[in-house]
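Encoded as structure tokens, the structure appears first; notes follow it.
Rule-based calculations on the coordinates, nothing more; no lab input. Keep in mind the model is a prediction, meaning the values are calculated, not measured. When we count neighbours, we look across all protein chains shown, and the Cβ atoms used for this are built from the backbone with ideal geometry, even at glycine.
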Amino acid sequence: MVFDLPHIKKYMDKKITIAVDGFSSCGKSTLAKQLAAKLGYVYIDSGAMYRAVTLYALRNNMIVDEELDTKKLIASLDDVKIHFELNANGEPQTFLNGTNVEREIRKIYVSQWVSPVAAVPEVRHVMVAQQQKMGEAKGVVMDGRDIGTTVFPNAELKIFVTAEVDVRAQRRYDEMLSKGEPADMNEVKQNLQERDRIDQSRAESPLRKADDAVVLDNSHITRDEQLQVAYDWAMERIKSAH
Ligand code: CDP
């Protein structure tokens with residue numbers, strides 16, 4: 001257990017908040033998950049929450065003829081209950097109104113609507129309030145688009161992850177194939193670019209690097225290398241939080 005490592009144990013009583021933001025499919029969630037595990041922190045995938053709301057909208061006829069019925073969605077937000085549970089392997093699973101939707105929310109038809117749904121201010125207000133509650137006790141690594149700017153503006157460590165678009169598209173494509181999902185490289189790349197465009201240009205908490213965030217470009221480094229960089233930053237901040 002990481003808790004038993006003496007160099008961490010010394011600092012375990014002082015937990016910090018870690019925000020990981022960045023573009024679509026840049027490896028944020030891999031990094032955030034591994035970092036949380038290494039520190040003994042809780043990992044929260046805020047994107048999964050926006051994906052679950054999107055699935056709810058799709059299943060309840062709020063997206064018809066390529067149009068999102070924003071009014072209907074806003075009126076139903078109280079009926080959208082999202083929570084996370086760990087499965088037998090310790091992997092977080094997203095639940096929508098009591099049903100495990102972890103696999104479904106990663107599919108391309110959800111990815112194609114998630115950014116328009118996430119741009120609705122009322123949706124964001126509800127999600128951000130829930131995310132802030134989840135992170136109240138600190139000891140949390142949360143990944144998303146607006147974690148360092150809006151959800152936890154006082155996070156002790158903010159990491160902004162970037163990678164070249166072709167590298168990101170290849171990673172998402174490989175990930176989908178490995179899950180047995182049909183994938184088309186052009187469609188995957190276009191979806192990433194379109195989501196990045198909407199995420200950066202929306203009025204409500206757009207995707208941007210917080211002024212005090214550190215940038216991690218992982219285009220040409222391995223998962224282990226990016227984890228080491230982030231872990232060193234985290235330990236620095238944990239020590240100085242004492
Ligand atoms: O996995 P990937 O990086 O492609 O995306 P995600 O983290 O699952 O997020 C899906 C979408 O949710 C993003 O493209 C954003 O439109 C939205 N999102 C957001 O607006 N704010 C967040 N904090 C997290 C996600």
(request) Take every DSSP beta bridge whose two residues both sit in the range 85-242, then give the antiparallel share in percent to the nearest 5. (result) 50 percent
(request) Over 22 Å between C-alpha atoms is what I'm after, so list which of 72/209; 107/138; 72/179; 33/158; 138/158; 38/179 land there. (result) 72/209; 107/138; 72/179; 38/179
(request) Using just the helices of the chain, give the 222 nm mean residue ellipticity in deg cm²/dmol: DSSP H runs with n ≥ 4 each add -39,500 (n - 2.57), and the total is spread over all residues, rounded to 500. (result) -14500 deg cm²/dmol
(message) Given axes a ≥ b ≥ c from the Cα gyration tensor, I'd like to know whether the range 155-242 is rounded (a/c under 1.5), prolate (a/b larger than b/c) or oblate.
(response) oblate
(message) Helix 185-201 against the longest principal axis of the chain: what's the angle in degrees, Cα atoms only, rounded to the nearest 10?
(response) 80 degrees
(message) Quick one: the Cα spread of the range 15-236 along its three principal axes, in angstroms, biggest first?
(response) 49, 38, 38
(request) Within the range 161-194, which residues have the backbone N less than 16 Å from the label spot 7 Å out from residue 229 along Cα→beta-carbon, could you tell me? (result) 161-165, 167-168
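Take every Cα-Cα pair in the range 195-242 and report what % of them are more than 11 Å apart.
Considering the range 195-242, 75 percent of its Cα-Cα pairs are separated by more than 11 Å.
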(request) When a/c is below 1.5 the answer is rounded, else prolate if a/b is larger than b/c, else oblate, so apply that to the range 69-116 with a ≥ b ≥ c taken from the square roots of the Cα gyration tensor eigenvalues. (result) oblate
(request) Could you let me know the centre-to-centre spacing of the range 85-118 and the range 137-186, using Cα atoms, in angstrom? (result) 14 Å
(message) Within the range 123-144, list the residues whose amide N lies under 19 Å from a label point set 7 Å along Cα→Cβ of residue 240.
(response) 139-140
(request) Return the tail of the calculated pair distribution for the range 1-136, meaning the percent of Cα-Cα pairs more than 23 Å apart. (result) 39 percent
(message) Need one word for the range 60-192: rounded, prolate or oblate. Basis is the Cα gyration tensor (sqrt eigenvalues a ≥ b ≥ c); a/c below 1.5 gives rounded, then a/b vs b/c decides.
(response) rounded
(message) If R₀ is 25 angstrom, what is the calculated FRET efficiency for the pair residue 61 and residue 179, using the beta carbon separation as r and rounding to 0.05?
(response) 0.40
